[in-house]
Amino acid sequence: MEVVILPGREAIAAAAADGIEHLLKRKPDAVLGLATGSSPLALYNALVERYQAGRISFAQARAFMLDEYVGLPLDHPERYRNVIEREIASRVDFAAGAVQGPDGAAPDLAAASQAYDEAIRQAGGIDLQILGIGSDGHIAFNEPGSSLASRTRVKTLTPQTVTDNARFFGGDEAKVPHHVLTQGLGTIMEARHLVLMALGRSKAEAVHHMVEGGVSAMWPASILQFHPHATVLLDDAAALRLQLAPYYRHVYASKPAWQNM
Ligand code: GLP
């Protein structure tokens, strides 16, 4: 796991955008994994800027989303499919139908989940998966207790996540759906490169368990310790509880220029 502690949101966004730019130049038809939440928003802005400047194109690329609320009306602004459309998909040159998400409105959610894993497989797997982390250590919507081998499926949100996400629903917890479809931890672990971004003090405990704790379903993000190519981009506040922070800073400061993310 490469842990990189950077000065703030813009530096984290630029580092993640560099990784995606490098991938798209090497493989224009790359398959990206897109995340929602506030952590990747500056990254999406950086990608749009690079697209507008002619540095990158998504014309041949495809993308899969991590998760989706169950039961929100199709036109609800917080439906993750609409969030991704608004924040990135409609702002760059993805081809029609190139961005897919789990179908939280499907009449048969189990079948929709299986079909989603199959669609990812058919696309050749995800090259680079963007991730955030919940304050309870979830990635996508894999809440504590999630099987470390899980596939895309229905989950029930913890009260903590409902509280955390109420800010997107006008602060009203009653409006946050309790059920979601999410890629499983096993699904996410099949992506070839994981890039997780975490910002702020509220993430420090989860980051501590993810990077330096034991691997446990209690802190689902800790599964990243088993991934052969995981990059964790943190600001100082999110890195506050890391014992080896001085070492991570030293490694990054002495990173050879030829070594990409
Ligand atoms: C939601 C999403 C996760 C995201 C998490 C953190 O629960 N399902 O993918 O990582 O929120 O969000 P934020 O980046 O806003 O802190």
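The values are calculated or read from the model by the stated rules, or taken from the named source; none is laboratory data. Computed from a predicted model, the values in this text were never measured in an experiment. A quick note on method: Cβ atoms are made from the backbone with ideal geometry, for glycine too, and the neighbour counts reach across all protein chains shown. The protein model used for the area step is the full one, side chains on, heavy atoms only, and it has no ligands, DNA or RNA in it. Shrake-Rupley method; radii C 1.70, N 1.55, O 1.52, S 1.80 Å.
Tell me which residues, restricted to the stretch 213-261, are without any contact (Cβ under 8 Å) to a residue 60 or more places away in the chain, within 27 Å of F141 (Cβ to Cβ) and of a type in the set (S, T, Y).
S216
One residue is enough: does the stretch 194-209 have a residue meeting the conditions open to solvent by less than 30 Å² (accessible area, probe 1.4 Å), assigned to a helix (DSSP H, G or I) and out of contact with any strand residue (DSSP E or B) (no Cβ under 6 Å at 6 or more places or on another chain)? It would help to see each step written out before you state the result.
First pass over the stretch 194-209, keeping only residues open to solvent by less than 30 Å² (accessible area, probe 1.4 Å): 194-200, 204, 206-207.
The next check asks that each one be assigned to a helix (DSSP H, G or I); those that pass are 204, 206-207.
Of the ones still in play, those that are also out of contact with any strand residue (DSSP E or B) (no Cβ under 6 Å at 6 or more places or on another chain) are 204, 206.
Within the stretch 194-209 (the criterion being open to solvent by less than 30 Å² (accessible area, probe 1.4 Å), assigned to a helix (DSSP H, G or I) and out of contact with any strand residue (DSSP E or B) (no Cβ under 6 Å at 6 or more places or on another chain)), the answer is yes, since at least one residue qualifies.
Please determine whether any residue of the stretch 114-128 is surrounded by 19 or more Cβ atoms within 10 Å (Cβ to Cβ) and either within 13 Å of the ligand (Cβ to nearest atom) or more than 25 Å from A230 (Cα to Cα) (or both).
The answer is no, given that none of the residues of the stretch 114-128 is surrounded by 19 or more Cβ atoms within 10 Å (Cβ to Cβ) and either within 13 Å of the ligand (Cβ to nearest atom) or more than 25 Å from A230 (Cα to Cα) (or both).
Taking strands (runs of 3 or more DSSP E) that do not extend beyond the stretch 1-100, which have at least 2 residues that are within 20 Å of G124 (Cβ to Cβ) and either within 16 Å of the ligand (Cβ to nearest atom) or open to solvent by 10 Å² or more (accessible area, probe 1.4 Å) (or both)? Before you say what the answer is, go through the steps one by one.
On the way: elements: 2-5, 31-34, 62-65, 67-69.
Output list reads 31-34, 62-65.
Give the residues of the stretch 146-193 that are open to solvent by 50 Å² or more (accessible area, probe 1.4 Å) and β-branched (V, I, T), sorted by residue number.
Scanning the stretch 146-193 gives V154, T156, T163.
Just checking, which of M218, M210, M261 is at pLDDT below 95 and of a type outside the set (S, T, N, Q)? Steps first, answer last, please.
Details: M218 fails: at pLDDT below 95; M210 fails: at pLDDT below 95.
Only one candidate passes the filter, namely M261.
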